[in-house]
Amino acid sequence: MTSPKKVLALCTSETEHEVYKALYDRVKRKEEEKYEFMFVKHDTGSVLDLLQFMNKCSLMVTTHGIDVVLSANDYSALVHAALSETFEHIKGPSVVSTFLAYHKYYTRLYLDQDPTPKKYGIVQANTSAQDIIKIATRVIGKHGLFIKPTTRWASEGGITPPLLSNDDTKRLWKLTDAIISKMIDHGFNNQFLHCEFFMVDGEFKLVEVNGRIDPSLPPVYNIVYENGDSWQALLHLGSGKKVTAPKHKGMIGMCGFIQTFASDIAENLLDFDEVAKHPTMMRTLCSPKEMIEQTSDIYATVLAKTCLTGYTVDDLIKRHHELCNRVLKKPDMTPWE
């Protein structure tokens, strides 16, 4: 009997740990090839020391004879890349290619296909909204403003597949393919790539590139696409197995945030029992006794997220708002638009 492949799942967030445990349960039942999962976790209550975490993972690879590494977070993707460069048998991208996606300034310099030069303004993380607007007006003029920290930060909300004309879809794929080619030139391989764009006056503007899977999208992909199990595809990539391309079924999916500008104990802001009744549509991102404090007058705090599927955008947005109203205890403190 062939020995099972040993998989090291890098868990720098609780979300990763949850999805990998669920993936392991599925592959034990369905996969012809056998896998043995090991989980290396970071204590989410402490600051992540990437070098220390990398050394811990390296020791596990050598001690336990790890064959496959899984990553689905910006931090774990960087460690995965370093492991793939350290151990020849571990499939994964290069550190440089992963860093170009991780650090948004270098994304613009090396990956962005937009021929129009972009203007930048640098602000500190604790800068007030009023001061950011002043700096932006001075640097880029009175235009639309998008604030994105240079490294890891949450920004989410999207519809899949994109509701574009055939011509626009072709243009978008051409831009995406060009970015992928540049990433490959820098050593990107055996990993998911996630690109986000704005469409402004008919032109696509790159928001960011992520050198890893978007953990929010697999529940939606699995419904709206045939062969849409992204976590299984990630496992197959790391195992050297051929990945079957997904095929759209005709539905659309949407991920959204349930947010608040209020400060209080989480259970005073969110109905955790109600969220638990809808595990396929909602997932909490905080614990009931956690203190929610607003540290910015720009960004709301995300309490939970929704993953919805259907056939029209209007229906998805309506259902998202209905869920927000159902689970938020202070809906008047939520940014609805």
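FYI, it's all coordinate maths here, none of it is from the lab. Note that the structure is a prediction, hence the values are computed from the model and not measured. Positions of Cβ are backbone-derived with ideal geometry, glycine not excepted, and every protein chain shown enters the neighbour counts.
What is the distance in Å between the Cα centroid of region 54-76 and that of region 219-294?
24 Å
Based on the mean of other Cβ atoms within 10 Å per residue, sort peptides 269-282, 246-259, 209-222 so the most packed one is first.
209-222, 246-259, 269-282
Under a point spin-label approximation (7 Å from Cα along Cα-to-Cβ), what is the ASN189-THR295 distance to one decimal in nm?
Placing both labels 7 Å beyond Cα along the Cβ direction yields 3.9 nm.
Can you give me the C-alpha center-to-center distance between region 302-337 and region 10-42, rounded to a whole angstrom?
Between the Cα centre of region 302-337 and that of region 10-42, the gap is 30 Å.
Describe numerically, in nm with one decimal, the distance between label points set 7 Å from Cα along Cα→Cβ at LYS56 and at GLU31.
Roughly 2.3 nm, to one decimal.
Expected output is a single nm value to one decimal: the length gained when fully extending between VAL313 and ASP114, i.e. 0.36 nm times separation in residues minus the C-alpha distance. What is it?
68.8 nm
What order do you get for 57-65, 93-101, 14-22, 28-36 when each peptide is scored by the mean count of other beta carbon atoms within 10 Å, highest first?
Going by the mean number of other Cβ atoms within 10 Å, highest first, we get 93-101, 14-22, 57-65, 28-36.
Going by amide H atoms built from the backbone, whose H comes under 5 Å of the H on CYS195, apart from near neighbours?
Answer set, sorted by chain and number: ASN210.
Go through LYS247/LYS277; LYS6/LYS34; LYS21/LYS242; LYS30/LYS91 and tell me which ones have a Cα-Cα distance over 19 Å in this structure.
LYS247/LYS277; LYS21/LYS242; LYS30/LYS91
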